[in-house]
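Working notes for the structure below.
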Amino acid sequence: MKLTPNLILLICIFLVQASIAQTYTISGYVEDGETGEKLLGATIYDSKSGKGTTANSYGFYSITLAQDTVSLRISFVGFVSDKQTFFLGKNTTVNSSLNSSLNLREVEVLASESERIEERSEMSTINLSLDKVKSLPVLLGEQDIMKTIQLLPGVQSGSEGSSGLYVRGGGPDQNLILLDGVPVYNASHLFGFFSVFNADAINSVKLIKGGFPAHYGGRLSSVIDIRMKEGNMKEVHGEGSIGLISSKLMIEGPIKKDKTSFIISGRRTYIDILSRPFIKQQTENGSYGGYFFYDFNAKINHKFSDKSRLYLSAYNGKDRFYAVDKYSYSNDGTTYDSESESGINWGNTIAAIRWNYLISPKLFSNTTITYSKYQFQVGFAETEVETDNTGTYTGGYSFEYLSGIQDFSGKVDFDYTPSPDHYVKFGMGYTNHLFTPGVNQITQDEGAISVIDTTFGSDRITAGEFWGYAEDDIKIGNRIKINPGIHFSGFNVNGKTYTSIQPRFSGRYMINEKLSAKASYSHMAQYLHLLTNAGIGLPTDLWVPPTDNIKPQFSNQVALGIAHTHGKLFEISVEGYYKTMSNLIEYKDGASFFGTGTDWESKIEVGNGLSYGAELLLEKKHGKTTGWVGYTLSWTNRQFKNLNFGEVYPYRYDRRHDIGIAVTHEINDHVDIGVVWVYGTGNAVTLGTEQYQSYDAVFNGLNGYSYLPNIESIESRNNYRMPSYHRLDMGVNFHKKKNWGERTWSFGIYNMYNRQNPFYLFFSNDNQGNTRLTQISLFPIIPSFSYSFKF
Amino acid sequence: MKNTIGLILNIMLISGLLSCEKYIAFDEDAATSKIVLNAMISPDTSFQVHLSRSLSVIDAGNLSSISNAIVAVYDDSGILVETLIEDSMGYYNGSQLPEENVNYTIVAEALNYADANAACAIPMLTAISEWDTLTINSSPNAAQNETEFQVSFAFTDDEQVNNFYMISVLAVQTSWGQNYSYPLYIETSDPKFGSDYADKSYEKLLFSDLLFDGETTTFNITLNDMSDMSYLILNLYSCSEEYYLYNKSYQTAVDTEGNPFAQPVQVYSNINNGHGVFGGFQLSSKIIYM
């Protein structure tokens, strides 16, 4: 009992301290005041306590501060900051609507008001400006997110004109391309010359090349997180464009003001429609053919309350080559009519339902159900009609080849912010994959009777992928911020289960106010392989699961770097990385991608990859002149036990030097110009360099009847370098306000100095019969124009 | 504006015609010719080597044989076994029979060429222990007048080393007292040959002991086109790794030659400072009378 007074004193001290440390949470959404569009990554900063946070992928933020007067500043690049001062005595909701700063003569929103590059714990991450995507010159005037990403350091483009991405030595299958959280398996139109994303419908694009936060998983080399716009909550708006090869239109607006909004957008090429009359004129019996692609995005966003929101989003895109051939003739009073149609179709279909629910001011949840399907189809069908005195007889046959992948997925993610020094994310999910590596279907009809109806090829394979993760963005004092995390995943296929525990870490140390050192480590697992031909992004590429012989892919990546904001305008980052990859697949020597639908395992080899290098990014985000200069110095190699006789060889896209410069300049309110210059070391290709007689040819001992060609000596896989790639593009946009909105004429020139860049090399004979190395180039200087409008 | 659009369309039309194919410099154009050394040795035959020259792949010159070269054979102690005598057309012959499991080195020296050398040993003989003709039938898959013939054979693999094998079958016809032989195409779905031979028929099946190391194993093959033959010769080659890698890769190169969609094929060579192959083998043959 003697201790009682002391105990009471201790309790009193604890209670006093507790009351002093009483905290409350400020939470809410940050949005564009004009459109209601959420501002992802907006910065919320209390200047009194020096604490801050950022809005998540849904524009939601939460910050817990001590009971006191707070001076809150909410800012986002390109918007005027919202400053609010109030006494925090209870949990408070602060929804902030920011107004665009674009109309201000003096740009007031500077890097100092948003979280600067050196302050962020993440590294190897770039948020792509949609304005840049729309203002930079591109091939045929088609704005393209993926092609703009190719200009960034650490990202290599594939072949000329292709929208494929090769990030830090990884393959095109190793990019997790997410559209509103749903994986997109084939992000290319027209063999990769255009990507499937319509920039008008996109709100934000984030590229992550390393230091992957634990909430991402499933691919080795990059995450491209694309978020669609949610639709204007205030009033109906639209924008569109008419270009050389396609036109597009986007309309958004409220269904119920400030409650429900919609956005729809569509794009279609029309070369086939324009050319059809000419083709019909040139052919007998009205035969015709053509190519088109289209894509369509739609989204509905409904706000039940400040705590609960629902999003429905969908995407459908398709490419189609088709040819219709008609033939008719008569003989002995019998008329024969036949019509055949052949075509190649491929495309993605994506749908997602997302429900955001605020469980408490500190705990935000997002529940998502998604569907993703990629399908490739080759078909041929012929019908024949025979008419004579006795009647009409019909018959026909068809062949169809199908391949693809289909996912149903569900996941739940939580954001928990117990204090300004912690930002915890955790969640889990499950995906059911259905692989169709290659199915053939043949039917034959004779009148109403089906004489053949058969399906053969690879079996459909069902697999389950599951994952869970937890990460915490932790601030330790004023100098250190770290993001440790763990991602666990597993894959079940054909009764076999693969699992992986993947530690993740990224962190920064503030050397001084404007300079930080950063480090990251990621272990990644990928339970999918892509059987792809070298280089060309053909839709025949097949997604296949791991098997008993072919294990999942894994990577380990370490990155070190520094980040600095120079003055208030320039962001500079320098990073070095070292990445190992295992269980990569490549075609065997002599293997052809034709017929890979069956027995694909016998055509491939399994091996490892290594990539290391350094990247420099100098970026100016504000002012009349904006843009970036990116430089990458890298080495990327592969080593397969049964390829290149086990020796290390360079990856096809091993590119020692890669430079991307993208600059726009606003001359005045009506005119802006854009310039892009790219340079890359030539791709590595496999070419025979010497020729000699074979053993069989000189001895002819074992089999005298064989054809015995000379041997072309190939020193190593990918032994020969194509000439380097470089290109200058320029564009100018003329804007004009109209009564109904704004119109823009855009003129561009792709490959300004008409550089004949290499696309493909082969040997051929010239007029004198000499063997010469021959280069095919795709795109010479190509001017383009488009007309776009906003209302 | 109309004039501007018209001008742009005209420029586009012109530029479309410029998209091109052109000849470019080939960095290996000036590649120096190297010695091409080809030799396969077995205990039944004395050393024989053929020398020729390599050329740049764009050189239209002759891949001529090399004369007046010095070709010497050394054993694994570095002792000269013999210097080969030039015969004609690039052939250099010896008089001694090579022995199994001796690591021989061949060194070729010729004026204007860098010295080339290669090493190889003849593996131990693995003999066919059993063989049988399982069935003879007129398969619906076989062409008219052809018979499908199934052969099984067995041998015991040596557990101690990595072994490589090659199977070939010769059909022998007798006409006017003369024997004429020609290789038969072999089909198999036997997984022990590996997955490479699942779909097509080949004159030679090359395989390693990866799937039957140290075991006595029976193999099954199918032969077609058995018309008018007197007997078959079933050959089992016990190959050195060099022999196996060369034949395997050359077979693939021949098989895919001219296919623009096929991956390029590297043909194996173990010649230092040159091209070609130096391998060793031993042959076990069985005659199967029809």
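The values are calculated or read from the model by the stated rules, or taken from the named source; none is laboratory data. Since the structure is predicted, the reported quantities are computational estimates derived from the model, not experimental observations. Virtual Cβ from ideal backbone geometry, glycine too; neighbours counted across all protein chains shown. Surface areas here come from the heavy atoms of the whole protein model, side chains and all, with no ligands, DNA or RNA. Shrake-Rupley method; radii C 1.70, N 1.55, O 1.52, S 1.80 Å.
Figures for the structure shown
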item	result
Accessible-area value, A:TYR397, 1.4 Å probe, nucleic acids and ligands omitted, Å²	100 Å²
Cα-based helix-to-principal-axis angle, A:4-20 vs chain A, degrees rounded to 10	60 degrees
The protein assembly as shown - accessible surface per residue (Å², probe 1.4 Å)	43 Å²
Region B:35-121: relative contact order in percent, alpha carbon pairs under 8 Å with at least 6 residues between	31 percent
Charge context of A:PHE640, other residues only, Cβ under 10 angstrom, K/R +1, D/E -1	+1
Qualifying lysines (Cα of each under 22 Å from Cα of B:LYS204; at least 8 residues distant if same chain)	A:LYS588, A:LYS603, B:LYS192, B:LYS248, B:LYS286
With Cα atoms, 0 to 90° folded angle of helix B:241-256 axis to chain B main axis	50 degrees
When each of A:LYS132/A:LYS299; A:LYS425/A:LYS518; A:LYS248/B:LYS22; A:LYS326/B:LYS22; A:LYS48/A:LYS475; A:LYS209/A:LYS257 is checked by Cα-Cα distance, pairs over 27 Å	A:LYS248/B:LYS22; A:LYS326/B:LYS22; A:LYS209/A:LYS257
Relative contact order (%) - chain A, alpha-carbon pairs under 8 angstrom, separation at least six	10 percent
Enclosed volume per residue, in Å³, of the convex hull spanned by Cα atoms of region A:674-789	173 Å³
Share antiparallel - DSSP beta bridges, chain A, percent rounded to 5	95 percent
Kirkwood-based shape ratio for the protein assembly as shown, expressed as Rg/Rh from alpha carbons	1.04
Residue among A:THR93, A:LEU165, A:ILE350 farthest towards the positive dipole end of the protein assembly as shown, charges placed on Cβ	A:THR93
Apportionment of accessible area to carbon and sulfur, chain B, percent (1.4 Å)	48 percent
Three semi-axes of the equivalent ellipsoid, region A:22-110, Cα gyration tensor, whole Å, largest first	23, 14, 10
Selected from B:LEU205, B:LEU80, B:SER249, residue furthest toward positive end of dipole (chain B; charges at beta carbon)	B:SER249
Ordering of A:509-517, A:368-376 by burial proxy (mean other Cβ atoms within 10 Å per residue, highest first)	A:368-376, A:509-517
Pairwise burial A:B, computed as accessible area of each alone minus the pair, summed, 1.4 Å, Å²	5900 Å²
Antiparallel bridge percentage (DSSP; both residues within region A:22-110; nearest 5)	85 percent
Dipole magnitude (debye, nearest 20) for region A:22-110, charges at Cβ of Lys, Arg, Asp, Glu	300 debye
Distance between region A:182-244 and region B:167-231 - C-alpha centres, whole angstrom	56 Å
Interface residues, region B:46-63 - accessible area loss of 40 Å² or more versus chain alone, probe 1.4 Å	B:VAL57, B:ILE58, B:LEU63
Equivalent ellipsoid dimensions for region A:349-502 as semi-axes, Å, which come from the Cα gyration tensor, largest first	55, 17, 11
Averaged over A:681-692, number of beta-carbon atoms from partner chains that fall within 10 Å	6
Average other protein chain Cβ within 10 Å of Cβ, residues A:773-786	5
Residue (of B:ALA69, B:VAL265, B:LEU184) at the positive-pole extreme of chain B, dipole from beta-carbon charges	B:VAL265
Electrostatic dipole magnitude of chain A [Cβ: Lys, Arg +1; Asp, Glu -1; Cα centre; debye, to 20]	3480 debye
Rounded percent of accessible protein surface that carbon and sulfur make up, chain A, 1.4 Å probe	57 percent
Centre separation in Å (Cα based) which lies between region A:368-425 and region A:674-693	37 Å
Helix A:271-282 axis, angle to chain A major axis (alpha carbon atoms, nearest 10°)	10 degrees
Size of charge dipole - region B:37-137 - debye, nearest 20, with Cβ of Lys, Arg +1 and Asp, Glu -1, no other charges	360 debye
